[in-house]
Amino acid sequence: MASADTKLVLTNIDFTQKPGAANDIRINGIDIDLSSVTTFDEMMNHINTALSSSGVVASAKVSGELVLSSNTGQDIIIEQDSGDILGTGAGTIEHGKISLESAQAIKITSTAPKQADKEAALAKMGISDIGGISQSNNTGLSIDTV
């Protein structure tokens, strides 16, 4: 079974630190106009409307935190040019996570022709063998848990 998830919890929302312009906040490169919001509901509506086709969704926790999430595993990147309504300073990045689970060994491979290129490709994906044994062979990296 494979799953992907990214979740960014913003705990320092401050409606007194609004951005100076409508395009001063970007989430994954998309302008989010939060210059006039005064409530969590307004904030979530503005974010969800702007990001409707991006795979990132805003929701709120009962404890008053804003949650940005994606079930695609994509990174969530926030940039703020002015104000700090989201409590992230100039911005932040939350990296996505991919999980693979199986009763069988999971094999992740690269189609690169050279072994060094295969290993470099897998390293770019951040693949590691936490808690397991990794072997590099002609088909890539095989990860088995012990």
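The values are calculated or read from the model by the stated rules, or taken from the named source; none is laboratory data. All values reported here derive from a predicted model rather than from experimental measurement. So basically every Cβ, Gly included, is an ideal-geometry build from the backbone, and we count neighbours across all protein chains shown.
Residue 53 passes all but one of (1) modelled with pLDDT under 80; (2) surrounded by fewer than 12 Cβ atoms within 10 Å (Cβ to Cβ); (3) among the polar types (S, T, N, Q); which number fails?
(1)
Can you pull out the residues in the range 16-34 that are surrounded by 14 or more Cβ atoms within 10 Å (Cβ to Cβ) and closer than 21 Å to residue 64 by Cβ?
Within the range 16-34, 17, 18, 19, 25, 27, 32, 34 qualify.
Could you give me the residue pairs with C-beta distances under 9 Å whose first residue belongs to the range 11-27 and is among the small types (Gly, Ala, Ser), whose second residue is assigned to a loop (DSSP other than H, G, I, E, B) and loosely packed, with under 12 Cβ neighbours inside 10 Å wherever it lies, and which are 6+ apart or on separate chains?
Matching pairs, first to second residue: 22/36.
Can you tell me which residue is farthest from residue 4 (Cα to Cα) among those in the range 98-125 that are β-branched (Val, Ile, Thr) and surrounded by 12 or more Cβ atoms within 10 Å (Cβ to Cβ)?
Once the filter is applied, the top-ranked residue is 109.
If we keep just the residues of the range 61-73 that are buried (at least 16 other Cβ atoms within 10 Å of the Cβ) and at pLDDT 90 or above, which is farthest from residue 93 (Cα to Cα)?
Step by step, filter the range 61-73, then rank; the result is 66.
Would you mind telling me which numbered condition in (1) closer than 24 Å to residue 124 by Cβ; (2) assigned to a loop (DSSP other than H, G, I, E, B) residue 5 fails?
Unmet condition: (2).
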